[in-house]
Amino acid sequence: MSNIILESRSLTRRFGGLVAVNDVSFAVHEHEIFGLIGPNGAGKTTLFNLITGLISPSDGKLVYKGTEISQKKPHDIASLGIARTFQNIRLFGELSALENVIIGRHLHTKSGIFTGVFGIPPAPKEEIESKQKALELLELVGLQERAHESAKNFPYGDQRRLEIARALALEPEILLLDEPAAGMNPNEKQQLSDFIRQIRNTFNLTIILIEHHVPLVMGLCSRIAVLNFGQLIALDKPDIVRNNPAVIEAYLGNE
């Protein structure tokens, strides 16, 4: 197995008397597609929020490429190479698809507000480069023909792809996908699965995904972690997780 890129070490997050994530430990390897499943309220999105710095752990540590990131701010974590999408799509609806992706490149531009406003170099050069890279990402996700359309006019599946393109604009090493197949039909889910493999290979990414569609996870991920009431109840290859009695009782038996 390749090198470890991200570790959760006894990670815990409390909200008052509620323990949303309870002593969770796991390691994700470089270039892996790692699945995270569990019933609603199991702590999956809370775990994503911990990894991306939206909230801080009550106990435990997060380690990225050997460096602890447990107390870092979201923009610092993003600049290190961790990007995400959200369960509820968070695009700028009034902006075009192209503008949404360009915004995702903000960590890779050096121009400040004054250079941008007054056109002082290097803003023009950066603007050209950002636009070109954004167009390349839109082509990758099949939206180049709609680059100048408002994001709010896109159907749900295309909005999902646009959000992924914006996350890729950060040039991450780890991409977190929060329920990317939500609302998709079976054909769209299969296309999404192929697309996730494609971007993993194209950008040499590590991908961690939360997903309720069990067949997609089982067919896509090399390993799967299962949460239930904030606790890690299984972590193994898909075939082993599928037959784990605790997983069947907590989750798979209800599918």
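Nothing in this text is a laboratory measurement; each read-out follows from the coordinates by a stated rule. Note that the structure is predicted; figures quoted are calculated from it, not measured. So basically every Cβ, Gly included, is an ideal-geometry build from the backbone, and we count neighbours across all protein chains shown.
Observations on the model:
- Under Karplus coefficients 6.51, -1.76 and 1.60, residue-wise ³J(HN,Hα) of segment 37-43 in Hz, glycine/proline x: 10, x, x, 4, x, 6, x
- Förster radius 35 Å - calculated FRET efficiency between residue 106 and residue 229 (Cβ-Cβ, nearest 0.05): 0.40
- Using alpha-carbon coordinates, inclination of helix 156-168 to the longest axis of the chain, degrees: 80 degrees
- Taking amide H as placed 1.01 Å from N in the peptide plane, the amide H of residue 5 sits under 5 Å from that of 28, 29, 30, each at least 5 places away or on another chain.
- From the coordinates shown, Cα Rg over 2.2 N^0.38 Å corresponds to which of (1) 0.92; (2) 1.21; (3) 1.04: (3)
- Theoretical gain in end-to-end length, residue 131 to residue 239 [0.36 nm per residue, Cα-Cα removed]: 34.6 nm
- Approximate spin-label separation residue 40-residue 23, in nm, with each point projected 7 Å along Cα-to-Cβ: 2.9 nm
- For the chain, the 222 nm mean residue ellipticity estimated from helices alone, with every DSSP H stretch of n ≥ 4 adding -39500 (n - 2.57) and the total spread over all residues, rounds to -10500 deg cm²/dmol.
- Residue-by-residue Karplus 3J(HN,Hα) for segment 93-99, coefficients 6.51, -1.76, 1.60, Hz, glycine and proline x: x, 7, 8, 6, 4, 4, 5
- Potential lengthening between residue 67 and residue 182 on full extension [0.36 nm per residue; Cα-Cα distance subtracted]: 38.1 nm
- Inter-label distance for residue 4 and residue 94, nm, one decimal - labels placed 7 Å from Cα along Cα-to-Cβ: 4.7 nm
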